[in-house]
1. Pull up region A:270-279, narrow it to residues that are without any contact (Cβ under 8 Å) to a residue 60 or more places away in the chain and in contact with a Leu (Cβ under 9 Å, 6 or more places away or on another chain), then point me to the one that is farthest from the other protein chains (Cβ to nearest Cβ).
2. Could you pull out the residue among A:T88, A:T124 that is touching a strand residue (DSSP E or B) at 6+ places or on another chain (Cβ under 9 Å) and under 21 Å from A:A210 (Cβ atoms)?
3. Considering region A:244-276 alone, what residues qualify as being at pLDDT 95 or above and over 24 Å from the mean Cα position of the chain (by Cα)?
4. Could you list, in sequence order, all residues of region A:346-378 that are in contact (Cβ under 8 Å) with a residue 24 or more places away in the chain and in a helix (DSSP H, G or I)?
5. Kindly evaluate B:L49 against the criterion of being under 14 Å from the mean Cα position of the chain (by Cα) and buried (at least 16 other Cβ atoms within 10 Å of the Cβ).
6. Exactly one condition in (1) away from chain B (no Cβ under 14 Å); (2) within 29 Å of A:S111 (Cβ to Cβ); (3) out of contact with any helix residue (DSSP H, G or I) (no Cβ under 7 Å at 6 or more places or on another chain) is not met by A:S169; state its number.
7. Those residues that are within 14 Å of chain B (Cβ to nearest Cβ), part of a loop (DSSP other than H, G, I, E, B) and at negative phi, I need them from region A:222-233; list them, please.
8. A:I152 is checked against (1) surrounded by 17 or more Cβ atoms within 10 Å (Cβ to Cβ); (2) in a helix (DSSP H, G or I); (3) touching a helix residue (DSSP H, G or I) at 6+ places or on another chain (Cβ under 7 Å) and fails just one. What number does that condition carry?
Amino acid sequence: MNNSNGRLTLQNNTSMLKVLIVFKQIGFCIALPFLFTGLITPLLAPSPISVATAFRRAVIYAGPGDTFQQTGFLNPGLEIRVVERNQTGIWVRIQRVDEAENVVQDGWVISAYLNRDTDLQFSTIPVNSTLLDSQPSNVNSQSMAKLYQAPILPIISDEMIEIFNLGQSLGNQSHVITKVGDSLSASNQYLIPLANTRRELGPYDYLAPALDFYTRAGITDSVAARIGLSTYAVFDPLWADKEQCQPNESPLNCEYRLKKPAISFLMFGPNDVRSMTEDKYETQMRSLIEATLAHGIIPVISTFSAHPDEEFFWQSINFNLKLVALTEEYQTPLINLWAAARILPDFGLDQDKVHLKVSGFDYLKYDTGHEAFYGVSLHNLLSICVLNQIYEKLNVEVNE
Amino acid sequence: MKASFIIFIILTTILMSACGTGPPTASSDPVDVVQRYLQAKVAGDRDTLAGLICSIQEANLDREALSFSGVKAQINDMVCQYTENSNVVTCSGAIVADYNGENTDFPLVNYTVTQEDGQWKWCGEAP
């Protein structure tokens, strides 16, 4: 993987670590004088506090998630300071002060409810890494509490670096990503918009370097993401595109042969939950993970959103819990989309309560808070966040 | 008169069925095996599939039986033919899968057949 010379321009709050890495890379003796010239000092200085207002009434929580205690409301138009964010930036900690500078409100709100016509840039907002994404003890259902317990975003394990290195030895392309799944993955609104040169990241400026890296070759449709595809069908040659795939080649193997990706985003469940038991689902997902790992490809698995009014809601919880267990077992990255989507209207789902709601834009548009209203926008954002984590982890690993 | 007519009908029926060839069995017709395999596959008929697939495909029986379970599928315009001594059945037509009103076509292709224990079996796609 290429080492970016632009690392000094990264202004997130891991800048100190990165500066030290750069020191190690270019030689501490060369870098030392820069400390005294003050060129690096701005990177080490405390981040400025952003000022913003909400455009709608927002519930204030004690932590970055809807399972934390509600502590009040933020009314639109009131000026607040953004003092912290969670790992993604979907939640921010805000403070409102009176004229005497006394803090009169302090808590966490959904950042999409803030006006984004300001200079709010998450690269300058400190990350709170001590609070968890949820407080499962406040959830009545035991199985839902367990599912909430899984973090929204993973920590990229060392095992995945080994898988990446295996993939490189097999000829995989470090900057190529793909997707595998049913109609939710096949949607041209999922991942494809990442490669659109028009891009409105809004406050998510810190994601730009990873996005640039993983979209340099474009992102195209996947032969392993099809309407109606299941965890059985993805292994079935009959489901493979006969124009691109070889006889007896499954859609999965075909896609991996055609693209040679480094990372594969996998999401099954909304279809499978209607036609198979959770044990069979677990078996198939296990096969999918193992097949992906064997290709030297990092499998990034998503839990799936479910609507409580749906017949298969509780079965969906159990299916998602299988995913949590499998990703823990294999140390593969998990996006807990189910938990993240709980704050969205209709849990991010469309009218059919199966598919994720789309914004209709064919490019990334986070300047107006789409991630808190459209399930696909949220899924894209979380996928980019994982790409960013893998990108940073690989950079660090290579530098070491 | 009436009794002798009934006996005549019964004897004629027995005679005709004894002389007739009847429907082809799986063992005698590779085309029939492939067509029945495809029909059983879209229907998710595991038991029928188990009797039609070759031994090296047995490990994939669950996949064969369940890969269309999430959709409504049917076969349109299926025509298959076997070329002598080729072990290949060539089919045209398509499986049409309906998911929520959206149709996806899966064109039928060439399939390998093999004889095991004197019976023809479907054994995957042909190169």
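1. A:E278
2. On the way: A:T88 fails: touching a strand residue (DSSP E or B) at 6+ places or on another chain (Cβ under 9 Å).
After applying the criteria, what remains is A:T124.
3. Scanning region A:244-276 gives A:Q244, A:C245, A:Q246, A:P247, A:N248, A:E249, A:S250, A:P251, A:N253, A:C254, A:R257, A:L258.
4. Residues satisfying the conditions are A:D346, A:F347, A:G348, A:H370, A:E371, A:A372, A:G375, A:V376, A:L378.
5. Details: under 14 Å from the mean Cα position of the chain (by Cα): yes; buried (at least 16 other Cβ atoms within 10 Å of the Cβ): yes.
The answer is yes for B:L49.
6. (2)
7. Hits for region A:222-233 are A:V223, A:A224, A:R226, A:I227, A:L229, A:S230, A:T231, A:Y232.
8. Of (1) surrounded by 17 or more Cβ atoms within 10 Å (Cβ to Cβ); (2) in a helix (DSSP H, G or I); (3) touching a helix residue (DSSP H, G or I) at 6+ places or on another chain (Cβ under 7 Å), only one is false for A:I152: (2).
The values are calculated or read from the model by the stated rules, or taken from the named source; none is laboratory data. Not measured: the values here are computed from a predicted model. Heads up, the Cβs are rebuilt from the backbone with ideal geometry, glycines too, and the neighbour counts pull from every protein chain shown. Please note that ligands, DNA and RNA were not included when accessible areas were found on the heavy atoms of the full protein model with its side chains. Shrake-Rupley method; radii C 1.70, N 1.55, O 1.52, S 1.80 Å.
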